[in-house]
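Step one of this worksheet: look at the structure below.
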Amino acid sequence: MFIRRTILCSLWLFAIALFAQEVSVDTIRVNAHRISEAERSAAPMQQINRTGLDRMGVEGVADAVKHMSGVQVKDYGGVGGLKTVSIRGLGAQHTAVVYDGVAVSDLQTGQIDLSRYSLDNVEAISLTAGQGNNIYQSAKAFASAGVVEITTMADCTLKAKVQTGSFGLINPTVLMRTRVNNNKVMLSAYADWLHADGGYNFTINSHNNNISGKRNNSDVEALKAEANIVSQLTDRQTLTAKFYLYDSERGLPGGVIIDNPYAAERLFDRNYFGQMKYENRLSKRLKFQVNGKYNWSWNRYTDHDIAKTTDARYIQSEAYANAIVWVQPIRNFSASLAQDFTYSHLHTNLNGCQFPSRYNWQTAVASQYSNSRITATASLLYTGINDKVRIGKALENQSHLSPAFSIAWRPLPQSSWRIRASYKDIFRMPTFNDLYYTLVGNHELSPEKTRQWNVGTSWSKPLNGKINYIHLSADAFMGRVNDKIIAIPKMFFWSMYNVGKVHTKGIDFNATIEGNICKQVRAYASTAYSFLSAEDRTDQESSTYKLQIPYTPKHSGSASLTIENPWVSLTYNLLWSGERYALPQHTDNNRINSYTDHSVSLFHTFPIGRKEKGSDLKLKFDLLNIGGKNYEVVKFYPMPGRNFRLTATYSIN
């Protein structure tokens, strides 16, 4: 923890120095609406920019994603609880998380924990189901059924925040940016330190028994730090470097069990990575980029119970390289070629560890035709996998071709109404845990194969009068998952098998409206709704045939309303979910009840000094889960009841 505090204190001292500097910023407010990338996309895409994130009052990436349609976030509760995301019932392993253009990976589990990412240095979050319009991207970005893309902030000179709240929450952050060498080089640094004891009271019903208590062993201490360098080598060449670290220790409170509140599980995480990107825009019709990344991740899990002591340690290392070429040979037509290579290795201290390594080659060829009325995109991804193990037998070599296409059409020349359709074929490789985990892994597993179809429409329009802007979108989709990897009990152990089939279908709906209530009061409202049927189609003779798969509600949604005014602005957020089941069998004991979560934020921004300096102080009060109900997202993991946060943010733009 000494290293964490040293880094944080150093950055805070740097921030104090920046406070004393004279900063002159010309601020121009533009109220006109520009057609967003999400509105033009031929595949369903939802995006929340920095302004929208500030209005919503959410603090983490996972909290923001919960407000998007078609998303299921598995939340284990508490300040430091794990949070994983699944799009349209396909599972967290089918969802890629891309951080500033490079995919985040976890070959051990295949799931990315979104609780690691706060919003203080984030400029925008987007979620795409299927293949979007962007063909100038890595082959890895083509390789998932859905993508959550996080773009960090690049236009803030200084942002310093202090937050406190319920359950011992202390969370200071600082973000700084400066330009040197005649503005040709931009340097930025970000640090976020989080501490909380996580001890909240709860009451839940377990097997028809009401259990009340206080969460124990749910503390968390975490440091996130990041440094960025952007160098404008010439008018056409840019070199970007990012260095990132995450260091945390947290307790795992475990599921609530009658007469057994004891929990002693601890999780330690350390993750460091560095990535670089070189881009050369040779002309308006030809450009290319080269990316490289090295990632090192260390995890330690301990459990000291009465029967035994567990101390399991895992080290993942990954080297990644990528090259992309984009060309526009004729007007309205472009094409790209991306080549990726990834080497991954897992080391553990478990007896019988096979020390697996994976060589992954991916090649993506894509083309696009686009004019003012139509955008059509087609791509073909080749994936080749070669696993090696030091002990035992490895998975046989795998290869797969994954086609995708999408089209967006604007029927009326002067209208923003668009009709879209898309198809994507993709597959998910088994994780290292699926294949090689001691006594459980199965090296003969096949990849999960996924096909998804989507038809949708969107319409948006800037207006005059009380309502300034309105946006509506709706999508109907269908998906098929074959060779789904599931765990099946066998004697005293569980084993992994390719026996699963899942059929999904559903509807996503989104609406946004902005307007003026009166001269000094402005309102922003948004809502999202999802209907999702995700049925087990594995075995017609099984009692679970055609039943909804675990942790997948048929109905879910969200709503947000912000009232901005010169006095105290207000945001109201609503999250709701229908009932779900924790296991494939739909019994009363497995049912997870529906819930609604209401939250309110009050905030006001105070300009500091002369207006041309562009500095301000924002104070915010959040009252979360107003109803105070300890609902469950994951069975036997109660969420915190009513709680609050106080936040002070100073920024120079």
### Task
Take the alpha carbon atoms of segment 202-260, find their center, do the same for segment 57-104, and report the distance between the two centers in whole angstrom.
12
### Task
For every other residue with a beta carbon closer than 15 angstrom to the beta carbon of Cys518, add +1 if it is Lys or Arg and -1 if Asp or Glu, then tell me the sum.
+1
### Task
Can you tell me the FRET efficiency between Lys466 and Gln328 if r is taken as the Cβ-Cβ distance and R0 is 56 Å, rounded to the nearest 0.05?
0.85
### Summary
Answer in debye to the nearest 20: the dipole magnitude of segment 427-563 about its Cα centre, from +1 Lys/Arg and -1 Asp/Glu charges placed on Cβ, is 540
### Query
What are the residues whose amide H is under 5 Å from the amide H of Gly89, where those residues sit 5 or more places off or on another chain and H is modelled from the backbone?
Gln72
### Task
Would you mind checking the radius of gyration and Dmax of segment 34-88 based on alpha-carbon positions, in Å?
12.9, 38
### Query
Scanning the chain for trypsin sites (Lys or Arg not before Pro) in DSSP loops with at most 10 other Cβ atoms within 10 Å, what's the longest stretch left with none?
35-283
#### Entry: Interatomic Cα distance distribution for segment 460-617, bins of 10 angstrom, percent
9, 24, 24, 17, 14, 9, 3, 0
### Message
If exposed means no more than 10 neighbouring beta carbons inside 10 Å and the site is in a DSSP loop, what's the longest run of the chain without any exposed GluC sites (Glu not before Pro)?
### Response
23-540
### Query
Got a sec to turn the phi values of segment 531-539 into Karplus ³J(HN,Hα) couplings, 6.51 cos²θ - 1.76 cosθ + 1.60 with θ = phi - 60°, whole Hz, x for Gly and Pro?
10, 9, 9, 10, 9, 6, 10, 6, 9
### Under 16 Å from Lys424, Cα to Cα: lysines that are on another chain or at least 8 residues apart
Lys140, Lys449, Lys505
### Task
Compute the signed sum of charges (Lys and Arg +1, Asp and Glu -1) over the other residues within less than 14 Å, Cβ to Cβ, of Ala476.
+1
## Note on the structure
Note on the chain, DSSP bridge orientation, antiparallel percent to nearest 5 equals 100
### Dipole of segment 442-564 [Lys/Arg +1, Asp/Glu -1 at C-beta], most positive-end residue of Ile549, Asn454, Ile467
Ile467
### Cleavage-rule hits, chymotrypsin sites (Phe, Trp or Tyr not before Pro), segment 557-630, DSSP coil, Cβ neighbours within 10 Å at most 14
Trp567
### Query
When you take every Cα atom in segment 495-534, what is the radius of gyration, and what is Dmax, the widest Cα pair distance, in Å?
20.3, 65
#### Entry: Environment charge at Trp298 (Cβ cut-off 10 Å; Lys +1, Arg +1, Asp -1, Glu -1)
+1
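Bear in mind that the values in this text are calculations on the coordinates, not laboratory data. Given the structure is predicted, the values throughout are model-derived calculations rather than measurements. For neighbour counting, all protein chains shown are included, and Cβ atoms are generated from backbone atoms with ideal geometry for every residue, glycine included.
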